[in-house]
Each structure stands twice: as structure tokens, then as C-alpha cells.
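> Dumping the structure here so I can ask a few things about it.
Each reported figure results from applying straightforward, stated rules to the coordinates on display, with no laboratory input. Everything quoted here is computed from the prediction, not taken from an experiment. Neighbour counts are summed over all protein chains in view; Cβ atoms, including those assigned to glycine, are modelled from backbone coordinates with ideal geometry.
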Amino acid sequence: MPSCTDTPVTLTVTESLAAIAAENAGIVRQLLTTATTNSANSTNSTDDTAGLPTLDQAAAALRGARRVFVLGAGRSGLALRMTAMRLMHLGLDVHVVGEVTTPAIAAGDVLLVASGSGATAAVVRAAETAAASGARVIAITTAPDSPLAALAAVTVVVPAAQKQDHDELRSLQYSGALFEQTVVVLGDAIFHSLWKASGATADDLWPRHANLE
């Protein structure tokens, strides 16, 4: 609830929707502008994708992975679960960290993680384990100098507010909403690129949709 010192702002749902759409459009524009300048962490990059834009490096790493593991805390984790589902539809071997059927990660695998701060303890620990096991880490974060980014082979930097940035300078939305929305959009963009490159049709993917509902 607002404190007694707050000045209420009257904003309709339509106006809120317009504000959110504008913020998302702004983030996409910035990502498109920096797409060719962001690069993989040079100390961890061991393949021939280093010359590609960061998002394409991420897609190439996922396409070439033996298995894909996804992890994020809170809403970031929920956003990545949507990506995991789409990658499964594409035919990739995908696991959500924390599920009882998730196996041990190993060399040849990829861990896809999202953390706005890049310092979420459980996510960083998982990235450390993945890297020590010989797996590659793809990190989506707002913090390029974070512990998570230092562990990643590919770091996608999202120019959005972190969840504890409450000054509304980078986003009018509450907490890390803009970052989490961007994680969903990035996941869909990566999936769309991989899908089109695969040559598979929508009908080819459809049989992998859940039928135990």
C-alpha cells in the first residue's frame, strides 16, 4: 500500500499498457543497436562463433548443445521456462534445473540462465558448477560486470532496471518487470531464429506439444 507521503498517480490500464509497450520497444531498439557490438566473454569462448553478434552466439550455442539446462529465480525463472518449452518443441533435449528428472550437467551441455543483478546466489552457484563440469553458460543479465557474467561464455546484456532499482529512472514498471519481459522476448527471438534455420514446419513441431493436460 502507498505510504501517507506518496502522491497517488491516476493511470488507466490502457495508459499502463501503452507505457509498458513503449518501454519494451525501447529495449528492443537498444538491443538491435548493440547486437553487433556485444561479444562473448573472450576468456571463456572456445569455438568459432566469436565473430557473431551476441544473440546469434547464444543461438548457435543452444543449437550445438548436447543438452540444454535452464535456470532463473522468481519471475526470471518463469520467463525462461517459456523458452525451455519452445526449445523442446523444436526438438532440443531441454531440462529445467530443480525438477526431479533433471540429470547432472556435463561437458557438451549448455546452461541458460537469467538474473537481472547477475549476483543471485543460487544462479551463480549453478553457473559455477556448470563451468566446472565443462558446460557452457549463457547468461542474460543487466550487469555485464557481475559474477554471473564472468562465468558465462556468452553474456546478453539487457539495458533494463534491476529489481531493486526503485527510482523509476530506467523503468516506470515495478521491480524487474522490464527485464523479465525482455527475457521472454529474447527467448522467443532465439527460438524463432533456430526454428526458421531448422527448416521444420509448424506441423513438424506440433506433435511435441503436451497432450497430457
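> In whole Hz and in residue order, list the ³J(HN,Hα) couplings for the stretch 126-138 that follow from phi through the Karplus curve 6.51 cos²θ - 1.76 cosθ + 1.60, θ = phi - 60°; x for Gly and Pro.
For the stretch 126-138, the Karplus curve yields 4, 5, 4, 5, 4, 5, 5, 8, x, 7, 8, 10, 10 Hz.
> Continuing with the same structure: Note down the net charge around Ser133, summing +1 for each Lys or Arg and -1 for each Asp or Glu among other residues with Cβ under 13 Å from its Cβ. Please report the intermediate quantities before stating the final value.
Working: positive: Arg66, Arg67, Arg125, Arg136; negative: Asp109, Glu128.
Residues near Ser133 contribute +2 overall.
> Separate question: Would you kindly state how much longer the chain becomes between Arg208 and Thr101 on full extension, computed as 0.36 nm times their sequence separation minus their alpha carbon distance, in nm to one decimal?
The span from Arg208 to Thr101 would gain 36.7 nm if fully extended.
> Here is a follow-up. Using modelled backbone amide H atoms (1.01 Å from N, in-plane), which distant-in-sequence or interchain residues come within less than 5 Å of Leu112's amide H?
For Leu112, the qualifying residues are Phe69, Val70, Leu71, Ile138.
> Here's another thing I want to ask about it. List the pair-distance distribution P(r) of the stretch 13-208, using every Cα-Cα distance, as the percent of pairs falling in each 5 Å bin from 0 up to the bin containing the longest distance, rounded to whole percents.
Reading upward from the zero bin: 1, 8, 16, 21, 21, 16, 10, 5, 1, 0.
> For Val156, what residues show an amide H to amide H distance below 5 Å, using hydrogens built from the backbone and excluding near sequence neighbours?
Under 5 Å from the amide H of Val156: Ala139, Ile140, Thr141.
> Using θ = phi - 60° and the Karplus curve 6.51 cos²θ - 1.76 cosθ + 1.60, what whole-Hz ³J(HN,Hα) does each residue of the stretch 182-188 get, with Gly and Pro shown as x?
Those phi angles translate into 5, 4, 4, 5, 4, x, 5 Hz.
> Something else: Show me, for the stretch 22-34, the HN-Hα J-couplings you get by feeding each phi into the Karplus relation (A = 6.51, B = -1.76, C = 1.60, θ = phi - 60°), rounded to Hz, glycine and proline as x.
So the J values, rounded to whole Hz, are 5, 5, 5, 4, x, 5, 4, 4, 5, 5, 5, 5, 8.
> Return a whole-number percent for the relative contact order of the stretch 65-172, with Cα pairs under 8 Å and 6 or more residues apart as the contact set.
On the way: 199 pairs, mean separation 25.1, N = 108.
So the answer I get is 23 percent.
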